[in-house]
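The values are calculated or read from the model by the stated rules, or taken from the named source; none is laboratory data. Just so we're clear, the structure is a prediction, and the values are computed from it rather than from any experiment. As a convention, Cβ positions derive from the backbone with ideal geometry for all residues, glycine included, and neighbour counts pool all protein chains shown. Surface areas here come from the heavy atoms of the whole protein model, side chains and all, with no ligands, DNA or RNA. Shrake-Rupley method; radii C 1.70, N 1.55, O 1.52, S 1.80 Å.
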Amino acid sequence: MKVLVLTSGGDAPGMNRVIYALYRHFGKNLYASRYGYRGLIQNDIIRVSEIGIEKCKNLAGSIIKSARCPEFAEDKFFKKALKNAKAFDYIIVLGGNGTHKGACRLAENGVKTIFIPATIDNDVEGSDYSLGFHTAVKGACEFIFNTLPSYQSDNACCIYEVMGRYKNDIAINVASIVDADKCIICEEDINFAELTKLINSINKQERASCIVLRERIYPVQNLVEQLRLKCPKVYFKGMNVGRVQRASRPTKREIYFAKAFAKGAIKAIKQNKKCASVLIKEGKVKIIDNI
Ligand code: ATP
């Protein structure tokens, strides 16, 4: 049996560990499409046994490259991808909701696909967990723990912008763990009168304030500039936690999930599924038919 794996969308910590677990099972019969669906279009396909997956199994990122490929949705390119995809008995795709749509389209055209949710945003429909989220939260918390103490000397107001796209899970979890003074997850949370009052009162207590801001609400530097005008005595520091979250070494819990997802994908293949997703529901791995 020839199996192909690909990682698509933003990279997520734990992807390498899934690839490694699949490699342990399929050995030389496991192939990888580089740069997600782009590799399928361009037939940029490699044997996983030749890329040294053992060495990076516990590292963040994706050794086979994770990428967005908008042209995959266009008929002309999709046909090319489909032709190359048909050389495999199964395709295992890791990514978010967009990636899932791509997998379903392949399956509708006769290619057996298994989808694994892998995106730090934890926003995959139907799954309580998507690979990378736990590590992303840890990465953001460590960034804050490693910077905030220094700003205590300045009684500064630190605003940390965290990833998550339109999902608030990362921001809420991080804010709770680091004991943030404020978590901004929607535009209504940006009430300048209230923020000014809060920041000034914390500054009077001679300590740094910590604000966690979810991305895509208000650019962090703009927020800092606005608040600076309103609290001229306070030193502000806006920080974009950004890629630190994705680059963090997968936690042990992440590795556990990665192995569970891989095991689920192998089980789905043994069950001869045509188009399935491996999801986490109430702490358990579930194999769900998509079509
Ligand atoms: P992330 O959460 O990291 O953003 P994602 O999988 O949701 O991951 P997208 O950029 O939405 O990221 O999609 C990844 C890729 O999936 C796209 O670049 C494209 O190749 C493919 N894709 C997305 N939507 C579709 C669709 N409707 N039909 C076919 N392929 C699609």
The lone condition Val234 fails out of (1) open to solvent by 40 Å² or more (accessible area, probe 1.4 Å); (2) at negative phi; (3) part of a loop (DSSP other than H, G, I, E, B); (4) of a type outside the set (Ser, Thr, Tyr) is (1)
Residues within segment 276-291 that are in contact with a Lys or Arg (Cβ under 9 Å, 6 or more places away or on another chain) and either within 13 Å of Phe257 (Cα to Cα) or acidic (Asp, Glu) (or both), tallied: 5
Ala60 - would you say it is within 9 Å of the ligand (Cβ to nearest atom), within 18 Å of the chain's Cα centre (by Cα) and at pLDDT 95 or above? no
Among the listed residues Phe72, Phe145, identify the single one that is of a type in the set (Phe, Trp, Tyr), out of contact with any strand residue (DSSP E or B) (no Cβ under 9 Å at 6 or more places or on another chain) and either surrounded by fewer than 18 Cβ atoms within 10 Å (Cβ to Cβ) or farther than 21 Å from Ile266 by Cβ (or both). Phe145
Go over the candidates Asn122, Asn109, Asn146 one by one and state the one that is away from the ligand (no atom under 16 Å from the Cβ) and polar (S, T, N, Q). Asn146
Is it true that some residue in segment 152-163 is within 16 Å of the ligand (Cβ to nearest atom) and touching a residue at least 12 places away in the same chain (Cβ under 8 Å)? yes
Go over the candidates Lys267, Lys273 one by one and state the one that is without any contact (Cβ under 8 Å) to a residue 24 or more places away in the chain and either over 29 Å from Thr196 (Cα atoms) or part of a helix (DSSP H, G or I) (or both). Lys267
Being of a type outside the set (Phe, Trp, Tyr), crowded, with 20+ Cβ neighbours inside 10 Å and in contact with a strand residue (DSSP E or B) (Cβ under 7 Å, 6 or more places away or on another chain) narrows it down to one residue among Ile63, Ile91; which is it? Ile91
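Would you check if Cys186 is at negative phi, crowded, with 22+ Cβ neighbours inside 10 Å and touching a residue at least 24 places away in the same chain (Cβ under 8 Å)?
No; evaluated as a whole, the condition is false for this residue.
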Meets criteria (at pLDDT 95 or above and away from the ligand (no atom under 14 Å from the Cβ)) for Ile41: no
Evaluate segment 199-206: report whether one residue or more is open to solvent by less than 50 Å² (accessible area, probe 1.4 Å) and closer than 21 Å to Ser248 by Cα. no
Which condition number does Gly139 fail, the rest of (1) surrounded by fewer than 24 Cβ atoms within 10 Å (Cβ to Cβ); (2) over 19 Å from Ala260 (Cβ atoms) being met? (1)
Check on Lys55, at pLDDT 95 or above, more than 24 Å from the chain's Cα centre (by Cα), assigned to a helix (DSSP H, G or I) and surrounded by fewer than 20 Cβ atoms within 10 Å (Cβ to Cβ): no
In segment 237-272, which residue that is farther than 19 Å from Thr7 by Cα, of a type outside the set (S, T, N, Q) and touching a Ser or Thr at 6+ places or on another chain (Cβ under 9 Å) is surrounded by the fewest Cβ atoms within 10 Å (Cβ to Cβ)? Arg253
Flag for Ile211 being open to solvent by less than 70 Å² (accessible area, probe 1.4 Å) and touching a strand residue (DSSP E or B) at 6+ places or on another chain (Cβ under 9 Å): yes
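What is the residue count in segment 94-121 for residues that are open to solvent by 40 Å² or more (accessible area, probe 1.4 Å) and among the hydroxyl-bearing types (Ser, Thr, Tyr)?
So the count comes out to 0.
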Would you call Phe88 within 16 Å of the ligand (Cβ to nearest atom) and either in contact with a Ser or Thr (Cβ under 6 Å, 6 or more places away or on another chain) or at negative phi (or both)? no
